[in-house]
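Since the structure comes first, as C-alpha cells, the remarks are kept for the end.
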Amino acid sequence: MRETAETSAEPWATLLVQLRGRSEDDGASGGIDPTELAEASERLEALATLIAEDPRAAGVETRDASTLGSRCEIPELTIYTTPDGLEGLVAEVERLAAELRLALRLTPAVRTDDDWRDTWKQFYAPLVFAAASTTLLVRPSWIDRKDGDPELELVLDPGRAFGTGQHETTRLCLEVLVALAEAGVRPDRVLDLGCGSGILALAAARLFPRAAVVAADNDPDAADTAAENAAANALEDRLEIRAATVLELSDSFDLILANIRPGVLIPIAGEVARRLAPGGTVVLSGVLGEEAEAVLAAYAAAGLGPVDRRDLAEWCALVLRASR
C-alpha cells in the first residue's frame with residue numbers, strides 16, 4: 001500500500017533553480033533575451049555539475065525543452081536534498097551564481113507527500129547506445145523492458161550521486177564505451193575514476209564481461225550508491241568499489257574512465273598516466289568544448305595523445321592513448 005503524506009517515513013526537500021530575465025529585476029514579467037539564453041544555459045549547466053558534487057545534494061536534475069516529457073522552454077534545475085541541507089544549498093547556489101554571473105530565481109520547498117516525491121520520474125526515459133552490432137540499454141527501474149529491447153542493459157535509478165545517463169557527459173562516455181566494444185577492445189582491467197553512481201563502471205562490466213572493474217570515488221556516499229546499483233544489476237561480483245582518490249590507487253589499468261571537471265582532471269593528469277598500462281586508453285569527459293585544449297595539453301605532457309573526440313551540446317569526451 002502506498003504511503004500517505006501522514007505516514008511518509010521522513011520529509012525531504014527540493015530547490016528549484018530557474019534562470020531569471022533582466023526585466024524581472026525591475027519587477028516586470030518577461031522571458032530571457034534569446035541572445036543571452038545560450039550563454040546563460042551553459043553557465044547553469046556548469047552550476048549543476050558543481051552542485052552535484054556537494055554532499056548535501058541528493059540529486060541534481062536538469063530540465064529543458066529537449067528533456068523527454070518536459071514543458072520547460074528555458075533550462076532549470078531541481079536539486080533534491082534533506083530539510084537540514086536546504087539552507088546551506090541555497091547559500092551555495094547563490095555563491096556559485098555570483099561567480100558564474102547568473103541571475104536566478106530560487107524556490108525551496110520541504111515536502112512529505114509521495115505524489116510530489118514521484119514527479120521527477122517523468123523526466124527519465126530509457127536510453128539506447130548503439131553501434132553496428134553492440135547495443136546497450138539504460139533504463140529506470142519503473143519502466144519495464146519491451147519486446148526487442150537490447151540484451152545488454154543497465155537498470156539505474158537516480159540516487160545520491162551524479163550519473164544517471166541523462167547528462168551529456170555521461171551519454172558521451174557511454175557512446176565511447178559502446179564504440180570501443182564494437183571495435184574489439186577487450187581490456188583486462190578497467191577503472192571508473194570519480195564513479196558517482198557507478199554507471200560507467202557498470203556499463204564497462206556489461207560490455208567487457210571478462211574485465212575486472214574498479215569503481216573509485218572519494219565520496220563515500222557515491223561508493224555506497226555504486227554498490228547499490230551494482231547489486232540491482234546483479235553485478236556486485238564484477239565490481240570492486242573503493243572510496244579512494246587516484247593517489248590511493250596503485251594498480252595498472254588498460255582502460256580508465258574519468259567523467260570529472262577539468263579543475264580535477266588537469267592536476268591529476270600525471271597520476272592517471274602512471275596508472276595506465278602500455279597501450280591503454282583513457283576516456284575523459286565533464287569537459288566543455290572550450291576547455292578541451294587545456295585538458296589535452298595537460299595529458300599530452302603526461303605522455304597521452306588524442307585518438308578521438310565526441311561532442312554533444314557544449315560538452316565533449318576525449319579519448320586518449322598511451323604510447324606503446
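The values are calculated or read from the model by the stated rules, or taken from the named source; none is laboratory data. Please read these numbers as outputs of a predicted model, since none were measured by experiment. Here the Cβ positions follow ideal geometry from the backbone for every residue, glycine too, while neighbour counts run over all protein chains shown. Heads up: the accessible areas ignore ligands, DNA and RNA and are worked out on the full protein's heavy atoms, side chains in. Shrake-Rupley method; radii C 1.70, N 1.55, O 1.52, S 1.80 Å.
Largest accessible area first, the listed residues ASP308, ASP84 line up as ASP84, ASP308 when surface is computed with a 1.4 Å probe on the assembled protein chains.
Among residues other than ALA211 whose Cβ falls under 14 Å from its Cβ, what is the net charge (Lys/Arg +1, Asp/Glu -1)?
Spelling it out: positives minus negatives among the neighbours equals -1.
Descending by average beta-carbon neighbour count within 10 Å, the peptides 95-107, 217-229 line up as 217-229, 95-107, the highest first.
Over the stretch 145-300, what is the mean sequence separation of C-alpha contacts under 8 Å (at least six apart), divided by residue count, expressed as relative contact order in percent?
On the way: 279 pairs, mean separation 35.0, N = 156.
Relative contact order comes out at 22 percent.
Using Cβ point charges alone (K and R +1, D and E -1), the dipole size of the stretch 164-213 about the Cα centre works out to roughly 180 debye.
Does the stretch 155-266 come out rounded, prolate or oblate, given a ≥ b ≥ c as the square roots of the eigenvalues of its C-alpha gyration tensor, rounded meaning a/c under 1.5 and, failing that, prolate meaning a/b above b/c? Mind showing how you got there, number by number?
Details: a/c = 1.19, a/b = 1.12, b/c = 1.06.
Rounded, because the longest to shortest axis ratio a/c is under 1.5.
Each of GLY198, LEU255, ASN233 was placed along the dipole of the stretch 191-272 (beta-carbon charges, centred on the mean Cα), and the one lying farthest toward the positive end is LEU255. Charge tally for ARG145 (other residues, Cβ to Cβ under 14 Å; Lys, Arg +1; Asp, Glu -1): -3.
Of the residues GLY305, ALA243, THR281, the one whose Cα sits farthest toward the positive end of the charge dipole of the stretch 215-324, with +1 on the Cβ of Lys and Arg and -1 on the Cβ of Asp and Glu, is GLY305.
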